[in-house]
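The values are calculated or read from the model by the stated rules, or taken from the named source; none is laboratory data. This structure is a prediction, so every number in the text was calculated from the model and none was measured. Positions of Cβ are backbone-derived with ideal geometry, glycine not excepted, and every protein chain shown enters the neighbour counts. We work out accessible area using only protein heavy atoms, side chains counted, and drop any ligands, DNA or RNA first. Shrake-Rupley method; radii C 1.70, N 1.55, O 1.52, S 1.80 Å.
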Amino acid sequence: MIASLSATSLEDIAEKVEAGERLTHADGVRLYCSRDIHEIGRLANIVRERQHGDIAYYNVNRHINYTNYCVLRCKFCSFYRPYEKGDAPPHPRGLEVGHDGALSLPMAGDAPKLNSYEYTVEEIAELARQAAAAGATEVHIVGGLHPKLPFSYYLDMCRAICAAAPKLHIKAFTAIEIIHFTRISRPRLSIREVLERLRDAGLGSLPGGGAEIFDDRVHDEAYRNKVGEQGWFDVHGTAHEIGMYTNATMLYGHIERPEERITHMIKLREHQDESLATRKAAFNCFIPLSFIPEGSELGELPGPTGLTDLKTLAISRLMLDNIPHIKAFWIMQSAKLAQVALNFGCDDMDGTVVWYDITKREGGAGSTHQEMTIERMQALIREAGRVPVERDTLYRRVFRQGADWQVESSAAPR
Ligand code: SF4
């Protein structure tokens, strides 16, 4: 079946792409089965250049992972640490106090493999203040589902960041964390109430994590106890209803099949159709996340190859005709492959990041300092033949002078 499909011409799909027609599930599966990576890339670039020309976006941001304690044990996850009774280390990974009293994380090479940890609100606010002082426009905050922290911790976190760094956009909490907050709030709150309270405290938008693969078989095998697709879409639909923009992801390269990836994309496309037609906001960006097996319960799997990475990024651009941006997140696909992907349908590489505790391509051991300088990001983009443009979280162009910056006056996301 796959052998005969791989030899099939993509001519009819090319005609649809050139005419701006929507691709079907069968088209998407045929693209995955094709060995013609050059033609898939060429078609994805037609769509990419139609929407964004030669522009490739990046942002100056800071990731903060506030805790790795989690009540769940998703098999693909190498980040979580179980909470044991009696555990109370406030931040055992060791924030350091500098001579000026500022807190900082240990530098590259200094930190052992992460133990369990959690940050206080004050520590998070200090990290945000430092990020803003270094010129960041965004903090991207996600963490495990902590069994003890109350909902007020998350509200206080947003308020403290706003007070410490009022210009920073807070993009925080996956759909799974939002559902967790509905369960721990007292009295229990609905998804809408949780989102409205977080927005009132300063939350600007939601990242796209927690989607994994929208398929019951994959869900039951790899992350049985995690909220399924209905919960994920409920959170994002509600966010869109109240005017909050969000992103969407897909974790690929583990136990899912190519046709399940296409189904996942089509479910997102249908949701986006609804949001664009009936809600106040929608998805800004789709981020395919390349599974990194090391340190997870699925560590025996090989993980996706470079060709699977490139195909997935390009096919995402072709299938998701109504989501404006496709991101090659350099942490997940590697900086080298993300650079190549700028000519395989992608228009965004994410940002400077600085710290990323969730996963690490070269393995889980060692420091989680993972930083890309603005100069390197721009050089990678230019070498790919694209034009680097700094954006904020909502894809507004950023005009920068050192650590000082302004966004263009248009408030509408691109
Ligand atoms: S993926 Fe998220 S919810 Fe699942 S175990 Fe890891 S931190 Fe917890």
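What the table below lists for this structure:
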| read-out | value |
| --- | --- |
| Beta bridges per DSSP with both ends in region 53-398, % antiparallel, nearest 5 | 20 percent |
| Degrees between helix 175-184 axis and first principal axis of the chain (Cα, 0 to 90, nearest 10) | 40 degrees |
| Global geometry of region 153-299, whether rounded, prolate or oblate, following the gyration tensor of its Cα atoms and the 1.5 cut on a/c | prolate |
| Summed residue charge, Cβ within 12 Å of Arg192's Cβ, Lys/Arg positive, Asp/Glu negative | -2 |
| Pairs from Lys148/Lys171; Lys280/Lys327; Lys167/Lys336 whose Cα-Cα separation, in the structure shown, is over 25 Å | Lys167/Lys336 |
| Neighbourhood charge, 14 Å Cβ-Cβ cut-off, centred on Asp54 and excluding it, Lys, Arg +1 and Asp, Glu -1 | 0 |
| No Cys partner within the rule (Cβ under 4.7 Å), the chain | Cys33, Cys70, Cys158, Cys162, Cys285, Cys346 |
| C-alpha long axis of helix 229-241 to longest principal axis of the chain, angle in ° | 80 degrees |
| Whole-number Å³ per residue for the convex hull built on Cα positions in region 2-49 | 64 Å³ |
| Three-way shape label, region 53-398, alpha-carbon gyration tensor, a/c 1.5 | rounded |
| Average accessible area per residue (Å²) across the chain - probe 1.4 Å, nucleic acids and ligands excluded | 40 Å² |
| Dipole magnitude of the chain about its Cα centre (Cβ charges: Lys, Arg +1; Asp, Glu -1), debye to nearest 20 | 460 debye |
| Accessible surface of the chain, 1.4 Å probe, proportion on carbon and sulfur as whole % | 52 percent |
| Order by protection proxy (mean Cβ within 10 Å, highest first), peptides 183-196, 282-295, 38-51 | 282-295, 38-51, 183-196 |
